Amino acid sequence: MTYNNKPKPDDRSDNVEKLQSMIHHTIENMEAAEESLEFTDSEAQRQQIAKKNERRRQAIDSFRSEVKDEANHNNTQG
């Protein structure tokens with residue numbers, strides 16, 4: 001029995017749009033978390049929010065780096 005499984009071609013055409021959407025949503029989540037600080041007296045919760053937002057900032061930096069990589073890839077393919 002022969003299998004004709006072929007990998008799907010690498011379609012990176014919409015990666016930049018997806019990454020930009022992820023950046024946008026991550027920023028919205030950060031802003032919502034910051035706003036929620038007004039409604040808590042819990043220092044533990046404040047620290048959790050601060051740590052989570054720091055991870056979000058790191059993720060945004062990574063997303064932006066990926067956007068640059070994708071833009072470079074798209075420019076060299078065209």
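The values are calculated or read from the model by the stated rules, or taken from the named source; none is laboratory data. Since we're looking at a predicted model, the values are computed, not measured. A quick note on method: Cβ atoms are made from the backbone with ideal geometry, for glycine too, and the neighbour counts reach across all protein chains shown.
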>> Take the residues in segment 39-54 that are of a type outside the set (S, T, N, Q) and surrounded by 12 or more Cβ atoms within 10 Å (Cβ to Cβ); name whichever of them is nearest to residue 26 (Cα to Cα).
In response: 52
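Specify which of the listed residues (76, 26) is under 11 Å from the mean Cα position of the chain (by Cα), assigned to a helix (DSSP H, G or I) and not aromatic (Phe, Trp, Tyr). Show your work before the answer.
On the way: 76 fails: under 11 Å from the mean Cα position of the chain (by Cα).
None of the others qualify; the one that does is 26.
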> Within segment 64-73, can one find any residue that is under 19 Å from the mean Cα position of the chain (by Cα), in contact (Cβ under 8 Å) with a residue 60 or more places away in the chain and in a helix (DSSP H, G or I)?
Replying inline: yes
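I'm checking my understanding of the structure. Among residues of segment 1-60 that are among the basic types (Lys, Arg) and closer than 21 Å to residue 71 by Cβ, which one is modelled with the lowest pLDDT?
Start the filter on segment 1-60 by keeping residues that are among the basic types (Lys, Arg), which leaves 6, 8, 12, 18, 46, 51-52, 55-57.
Subsequent filtering for residues that are closer than 21 Å to residue 71 by Cβ retains 12, 18.
Working: 12: 75, 18: 93.
Filtering first and then ranking leaves 12.
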>> Among the residues of segment 61-77, are any at pLDDT 95 or above, loosely packed, with under 14 Cβ neighbours inside 10 Å and either of a type in the set (S, T, N, Q) or in contact with an Asp or Glu (Cβ under 6 Å, 6 or more places away or on another chain) (or both)?
In response: yes
> Hey, residue 56 hits all of (1) in contact (Cβ under 8 Å) with a residue 24 or more places away in the chain; (2) outside any helix (DSSP H, G or I) but one; which does it fall short on?
Replying inline: (2)
